[in-house]
Amino acid sequence: MQKARYAGDGNIHIIDAPDPIPGPGEVVVETAVSAICGSELHAYRGAAQAGNGGHEAVGVIAALGEGVNWLTEGQRVGVSCITGCGKCAFCARGQYTYCPQVRFYGDMHARRFLASAIACHPLPDDVSWEAGVLLSGDGLGVPYHTYVKTASPEIKTVAVLGVGPIGLGNVLLQAHLGRRVIAVDLSPYRLALAQRLGASEAINANEQDTAEALRALTGGVGPDLCIEAAGQTASGMACFKAVRTAGMVVFNGEQGPLPLSPSDHFIRRDITAVGSWFYHFSEFPQMLNLYRNGLRLLDLISHRFPFEKADEAFKQFSSRQSGKVLLHYGESA
Ligand SMILES: [Zn+2]
Ligand SMILES: [Zn+2]
């Protein structure tokens with residue numbers, strides 16, 4: 001079978017690879033669609049690797065590993081790339097991200113890939129491959145998990161700092177839930193996309209001071225919630241500077257240390273700041289309900305490429321002139 005390989009310095013090669021063989025508790029999925037995630041870019045732009053970091057994909061089960069008796073060959077599934085031991089209290093609640101033996105599956109930009117059987121979401125017939133890849137990957141999962149942590153009805157104005165795919169998902173979901181959303185980014189393309197997805201205002205951080213602009217748009221008070229989805233020191237600090245007193249900051253973007261002071265940034269302004277990573281396997285039904293009730297999920301997709309053009313797809317994604325970019329694998333797609 002064929003798979004994509006990060007060939008180094010922002011290049012993708014399609015190579016021949018042995019068919020994956022499922023171990024106990026695993027399945028092999030024949031891919032219909034995979035999605036490119038922003039978290040892949042660092043590795044994609046770095047040194048050559050044996051495979052790829054693809055981790056959002058849907059397809060048909062092609063082989064079952066030992067002990068997997070609740071799924072069937074030919075079944076349509078979306079997968080969570082994060083799985084757990086399957087035995088602990090967290091796993092019993094579908095909270096694989098909290099499992100002490102949390103595991104990651106990658107290499108999903110491939111005609112076939114391995115997945116953990118307990119991390120497969122069977123896809124109902126009314127869910128297309130494209131909707132399925134967004135619902136089971138982190139494109140909507142991270143925004144949904146973030147929303148669960150920020151469900152307070154007191155939150156009415158939300159700033160999303162960084163509108164790559166995760167930030168765009170936050171814009172879509174927060175706006176769908178009736179909140180006023182302000183998008184912040186450096187890319188005019190992505191700011192325009194954010195406005196089509198429901199942001200009522202857009203701030204270009206190249207042209208304006210983010211915190212000052214956010215304050216100006218909120219009567220000097222600041223947004224109730226700032227979501228950091230750029231993974232940059234400047235936007236992380238701008239969240240604290242802009243958010244209203246007694247407001248909330250959520251980190252989605254991975255990054256290193258920030259120069260934060262307990263007194264200045266937390267205590268005297270009564271700020272709550274939390275992290276939010278991936279989503280819980282058990283949150284899938286709620287996301288499915290949102291989609292069935294009109295969430296315009298497919299509008300997150302800006303580009304579609306056949307798998308053979310994966311190199312072109314990654315270059316498009318890497319240019320920041322995109323929303324979600326999908327790879328399609330052929331007839332079944
Ligand atoms: Zn991801
Ligand atoms: Zn576990």
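Using the structure shown, decide if T146 is among the polar types (S, T, N, Q), closer than 20 Å to F281 by Cβ and within 16 Å of ligand 2 (Cβ to nearest atom).
No: the conditions fail for T146.
Okay, residues lined up against (1) buried (at least 24 other Cβ atoms within 10 Å of the Cβ); (2) under 23 Å from Y291 (Cα atoms); (3) not assigned by TED's automatic domain parsing to the domain that holds M287:
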| site | (1), (2), (3) |
| --- | --- |
| A151 | no, yes, yes |
| I166 | yes, yes, yes |
| G169 | yes, yes, yes |
| L172 | yes, yes, yes |
| A175 | no, yes, yes |
| L186 | no, no, yes |
| R196 | no, yes, yes |
| Q208 | no, no, yes |
| L214 | yes, no, yes |
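For the range 226-249, which residues satisfy the criterion of being small (G, A, S) and not in a loop (DSSP other than H, G, I, E, B)?
The answer is A234, S235, G236, A238, A242.
Among the residues of the range 95-125, what is the count of those that are among the polar types (S, T, N, Q) and buried (at least 21 other Cβ atoms within 10 Å of the Cβ)?
Going through the range 95-125 one residue at a time, the tally reaches 1.
Quick check on the range 93-108. Is at least one of its residues away from ligand 2 (no atom under 16 Å from the Cβ), touching an Asp or Glu at 6+ places or on another chain (Cβ under 8 Å), farther than 29 Å from V148 by Cβ and modelled with pLDDT of 95 or more?
no
Given the conditions (1) outside any loop (DSSP other than H, G, I, E, B); (2) touching an Asp or Glu at 6+ places or on another chain (Cβ under 6 Å), report the number of the one that G253 does not fulfil.
With respect to (1) outside any loop (DSSP other than H, G, I, E, B); (2) touching an Asp or Glu at 6+ places or on another chain (Cβ under 6 Å), G253 is out only on (1).
Okay, residues lined up against (1) assigned to a strand (DSSP E or B); (2) under 27 Å from V77 (Cα atoms):
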position	(1), (2)
V133	no, yes
S152	no, no
A159	yes, no
L168	no, yes
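Does the range 76-93 contain any residue that is aliphatic (A, V, I, L, M), away from ligand 1 (no atom under 16 Å from the Cβ) and either under 30 Å from D9 (Cα atoms) or buried (at least 16 other Cβ atoms within 10 Å of the Cβ) (or both)?
Yes, the range 76-93 contains at least one residue that is aliphatic (A, V, I, L, M), away from ligand 1 (no atom under 16 Å from the Cβ) and either under 30 Å from D9 (Cα atoms) or buried (at least 16 other Cβ atoms within 10 Å of the Cβ) (or both).
Out of S263, S282, report the one residue that is farther than 18 Å from S152 by Cβ, surrounded by fewer than 21 Cβ atoms within 10 Å (Cβ to Cβ) and either in contact with a strand residue (DSSP E or B) (Cβ under 8 Å, 6 or more places away or on another chain) or in contact (Cβ under 8 Å) with a residue 24 or more places away in the chain (or both).
It is S282.
Report every pair of residues separated by at least 6 positions or lying on different chains whose Cβ atoms are under 7 Å apart, first residue within the range 69-92 and away from ligand 2 (no atom under 16 Å from the Cβ), second in a loop (DSSP other than H, G, I, E, B).
Between residues of the range 69-92 that are away from ligand 2 (no atom under 16 Å from the Cβ) and residues that are in a loop (DSSP other than H, G, I, E, B), the close pairs are R76/L123; V77/L123; G78/L123.
Of all the strands (runs of 3 or more DSSP E) wholly in the range 1-117, which have at least 2 residues that are closer than 30 Å to G253 by Cα and touching a Phe, Trp or Tyr at 6+ places or on another chain (Cβ under 7 Å)?
Once the strands (runs of 3 or more DSSP E) in the range 1-117 are filtered for at least 2 residues that are closer than 30 Å to G253 by Cα and touching a Phe, Trp or Tyr at 6+ places or on another chain (Cβ under 7 Å), what remains is 26-36, 57-64, 112-116.
Given the options G54, G65, name the one that is more than 11 Å from A117 (Cβ to Cβ), more than 16 Å from ligand 2 (Cβ to nearest atom) and either assigned by TED's automatic domain parsing to the domain that holds K309 or at pLDDT 95 or above (or both).
Every option except G54 fails the conditions.
Please work out if A119 is assigned by TED's automatic domain parsing to the domain that holds E66 and either within 16 Å of ligand 1 (Cβ to nearest atom) or touching a Pro at 6+ places or on another chain (Cβ under 6 Å) (or both).
yes
The values are calculated or read from the model by the stated rules, or taken from the named source; none is laboratory data. As the structure is a prediction and not an experimental result, all values here were calculated from the model. So basically every Cβ, Gly included, is an ideal-geometry build from the backbone, and we count neighbours across all protein chains shown.
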